[in-house]
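Data first, discussion second: the structure below is written as structure tokens.
Read-outs throughout are calculated quantities, based only on the coordinates presented, and are distinct from any laboratory measurement. Owing to the predicted nature of the structure, the values given are computational and were not obtained by experimental measurement. Glycine gets a Cβ as well: all are built from the backbone with ideal geometry, and neighbour counts include every protein chain shown.
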Amino acid sequence: MRRIGRKKLCPCGSGKKYINCCYKKNKAINKTTLSKAFKKEFPEFTIVPTSPKEQKMSEVLFEFAMPLTDKIEDEDDVALSSAVHLAAIAWNASFFSIEEREKLINEEIDDYITDEKDREITKAILFGMMIRREEHFTDIKRLIVDLEITNKGGDLHLDVISGPLTKK
């Protein structure tokens, strides 16, 4: 499916720019499609890119996660999925204050890691990844709302739903 730039003429033939014509309707359709695909409702701020120049958050997240995923064997889907999920936790936590980061990280790993030594190692990895986001991905100010990793014919596919970072 071809993406339509928001400032281009609408393909419906109205003569209006796409953003002033069918953009909102198509965006709503895309959100509905995404909601059905993930079997959940998404917040109002969910982004559905319409410009081919806009970076896909799935590509950003894979690039961000590279220090965690580079050493993983191709056939180890569980390890790759875990690494991407850890990267997403670090990505989101990096937008918060130090105190809020600690709380968020503890909440995220409490259910999965019970061994104290493993928890400390995981926290060190997450804090290192947060520094990576702050140093190398400073221009991308989007929170990861949800992600899903699926195996499609032997290839892993990452779907990411993201929203803009908004300050209160």
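Summary table
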| item | result |
| --- | --- |
| Nearest-0.05 FRET efficiency for Asp155 and Glu99, computed from C-beta distance (R0 35 Å) | 0.30 |
| Length released on extending from Asn106 to Lys16, taking residue separation times 0.36 nm less the Cα-Cα span | 27.4 nm |
| Given Lys56/Lys123; Lys117/Lys141; Lys56/Lys117; Lys71/Lys152; Lys17/Lys152; Lys56/Lys152, the pairs whose alpha carbons are separated by over 29 Å | Lys117/Lys141; Lys56/Lys117; Lys17/Lys152 |
| Label point distance in nm, Lys117-Ile131, each placed 7 Å from Cα along Cα→Cβ | 2.3 nm |
| Net length gained if the chain between Leu165 and Asp139 were fully extended (0.36 nm per residue, minus Cα distance) | 8.2 nm |
| For the range 115-168: rounded, prolate or oblate by the Cα gyration tensor [a/c cutoff 1.5] | oblate |
